[in-house]
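First up is the structure itself, then whatever we jot down about it.
The values are calculated or read from the model by the stated rules, or taken from the named source; none is laboratory data. Fair warning: this is a prediction, and the values are worked out from it, not measured in the lab. Every residue, glycine as well, gets a Cβ built from its backbone with ideal geometry; the counts of neighbours run over all protein chains shown. Surface accessibility is based on the protein's heavy atoms, side chains included, excluding ligands, DNA and RNA. Shrake-Rupley method; radii C 1.70, N 1.55, O 1.52, S 1.80 Å.
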Amino acid sequence: MAEAIASGATAAPADADWAALEREALGHLRALLRIDTTNPPGNERAAADYLAGVLAREEIPFATFEKAPGRTNVVARLKGSGARAALLLSGHLDVVPAVAEAWQHPPFSGAEHDGCLWGRGAVDMKNMVAMSLTTLLALKRRRVPLDRDVIFAAVADEEAGSRHGSLFLVDRHPDAVKAEFVLTEVGGHTLHVGPARFYPVQVAEKGICWFEISADGPPGHGSMPHPHNAVARLGRAIAALSRARLPQHNTEVVSGFIRAMAARVPFPQRQALGLLLRPALSPRVLGWLEKRNLEQALPLNAMLRNTASPTLLAAGNKINVIPDSATVGVDGRVLPGQSVESFLDEIRRVVGRDVRFTVLEQHEGTTFDSRTPLFDAIAEVVARHDPGAVAIPYMIPGFTDAFAYRRLGAICYGFSPVQLGPEMKFSQMYHGHDERIPVAGFCWGLRVLYDLVSGFCGRGRG
Ligand SMILES: [Zn+2]
């Protein structure tokens with residue numbers, strides 16, 4: 001790997017080099033999986049120290065940033081000629097909690113079984129951290145001439161709102177992470193629909209409106225029920241909210257995603273997908289799908305409308321006292337292009353007007369332009385590495401670090417490439433028990449990412 005490439009030579013390592021690079025990338029992933037960065041509390045520093053050690057050995061310039069002790073972010077940069085603006089590869093180091101007893105292999109063991117590396121963070125998203133690091137190392141060692149800086153950011157705190165991670169970097173150290181384009185989660189995994197294969201690339205994400213609904217009523221003694229009990233009133237509001245499907249809003253990204261899938265799958269999926277875009281018929285299709293394939297139905301439903309999930313309850317403090325108020329916390333998710341006000345109007349129409357609303361936190365959804373040279377490059381590299389499969393823009397119902405980087409004007413795509421067989425359900429592993437990544441699929445992703453980055457940022461390319 002140490003030889004320089006002559007000018008005009010290919011930037012792609014030879015096969016023997018690839019085998020070594022794959023082993024190295026798997027070693028980095030295994031090492032990261034063995035470091036417990038469960039958030040809360042996060043403790044990303046141990047993982048950041050590991051990355052810093054690798055970067056220092058390779059003499060790649062980097063810096064670390066902490067908003068609070070232990071919540072470490074690492075940012076490294078390979079300089080290009082400056083002819084074009086930077087590409088940022090960003091992955092978060094923190095992971096969501098794992099219930100160890102429910103796993104077949106311990107969640108922080110980095111164990112290898114059945115052709116997979118197991119561990120919390122295997123797909124969300126220490127895989128992208130390890131692939132991005134290895135891509136940087138390969139570009140550096142092979143002295144690939146670059147027109148764009150390639151920035152690598154391994155950040156803290158994405159799973160709890162990014163305040164110690166990407167938001168902190170964007171607010172306090174914008175020069176470290178400012179880029180024209182960002183690659184992060186969620187996308188680049190194989191999606192099997194019937195005989196067709198897709199690689200969804202996140203180009204849009206929903207916003208949040210976290211709010212409370214409170215009901216009020218006269219207090220009283222629990223021994224003498226009365227009809228204006230605040231707890232019962234709130235209960236009726238929650239029941240109505242849980243039964244309701246909010247109005248459908250077809251966004252350009254989701255309509256395109258559904259049409260692209262429908263065009264490539266046979267009957268009856270083709271017809272069912274088409275009906276999803278017709279608001280008068282779509283609830284029946286979703287209702288049918290929910291009974292048969294809940295895992296497919298839930299994200300489709302969430303892509304087509306604003307949603308509201310009751311998650312927290314608070315009322316009373318004594319069993320024999322009817323309290324004068326009761327409150328439920330609601331996780332609201334709002335489509336790009338929809339305002340918080342119009343979302344709350346939809347909620348009011350469902351729960352009625354005898355309850356109060358308090359908005360706790362909100363930010364709007366985002367849609368990034370998918371007609372860019374980077375998206376074209378992604379589509380090309382996916383088609384080359386998985387002939388017959390297509391990359392298609394899509395929207396996720398959650399949010400990622402993209403909502404922070406967009407504040408610096410970046411165009412962000414969710415693309416952490418990994419090839420999965422039809423038996424691997426990506427969405428079940430995301431935050432689920434037994435999170436794991438196929439070794440072959442990870443190595444495939446490494447090649448895709450390396451080819452994409454070297455092609456898009458290499459001199460005279462992209
Ligand atoms: Zn994630």
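Mind checking which residues of segment 93-117 are touching a helix residue (DSSP H, G or I) at 6+ places or on another chain (Cβ under 8 Å) and surrounded by fewer than 24 Cβ atoms within 10 Å (Cβ to Cβ)?
Residues satisfying the conditions are VAL96, PRO106, PHE108, SER109, GLY110, GLU112, GLY115, CYS116.
I'm checking my understanding of the structure. Among residues of segment 250-267 that are assigned to a loop (DSSP other than H, G, I, E, B) and not charged (D, E, K, R), which one is most open to solvent (accessible area, probe 1.4 Å)?
PHE267
Can you pull out every residue in segment 56-71 that is open to solvent by less than 30 Å² (accessible area, probe 1.4 Å) and free of Cβ contacts under 8 Å to residues at least 40 places away in the same chain?
Residue satisfying the conditions is GLY70 alone.
What residue, of ARG278, ARG270, ARG284, ARG333, is touching a residue at least 12 places away in the same chain (Cβ under 8 Å) and either part of a loop (DSSP other than H, G, I, E, B) or of a type in the set (D, E, K, R) (or both)?
Checking each option against the conditions leaves just ARG333.
Do you know which residues across segment 153-186 are more than 15 Å from ALA402 (Cβ to Cβ), crowded, with 24+ Cβ neighbours inside 10 Å and over 15 Å from the mean Cα position of the chain (by Cα)?
HIS164
Within segment 168-185, does at least one residue satisfy the condition of being touching a Phe, Trp or Tyr at 6+ places or on another chain (Cβ under 8 Å), in a strand (DSSP E or B) and away from the ligand (no atom under 16 Å from the Cβ)?
yes
Looking only at segment 423-438, which residues are assigned to a loop (DSSP other than H, G, I, E, B) and either more than 16 Å from the ligand (Cβ to nearest atom) or over 21 Å from PHE108 (Cβ atoms) (or both)?
Correct list: GLU423, MET424, LYS425, HIS433, ASP434.
Show the residue pairs that are 6+ apart or on different chains and have beta-carbon atoms under 6 Å apart, the first residue being within segment 156-181 and over 17 Å from LEU408 (Cβ atoms) and in the same structural domain as LYS126 (by TED's automatic domain parsing), the second being away from the ligand (no atom under 11 Å from the Cβ) and in a strand (DSSP E or B).
The qualifying pairs are ALA156/ASN73.
Looking at GLY455, GLY445, GLY398, GLY441, can you tell me which residue is in a loop (DSSP other than H, G, I, E, B) and either within 16 Å of the ligand (Cβ to nearest atom) or farther than 30 Å from GLU212 by Cβ (or both)?
Among GLY455, GLY445, GLY398, GLY441, only GLY398 is in a loop (DSSP other than H, G, I, E, B) and either within 16 Å of the ligand (Cβ to nearest atom) or farther than 30 Å from GLU212 by Cβ (or both).
Here are the criteria: (1) away from the ligand (no atom under 13 Å from the Cβ); (2) in a loop (DSSP other than H, G, I, E, B). Tell me which single one THR134 does not satisfy.
(2)
Quick check on SER90: is it buried (at least 21 other Cβ atoms within 10 Å of the Cβ), within 16 Å of the chain's Cα centre (by Cα), of a type outside the set (Phe, Trp, Tyr) and modelled with pLDDT under 95?
Criteria not met by SER90.
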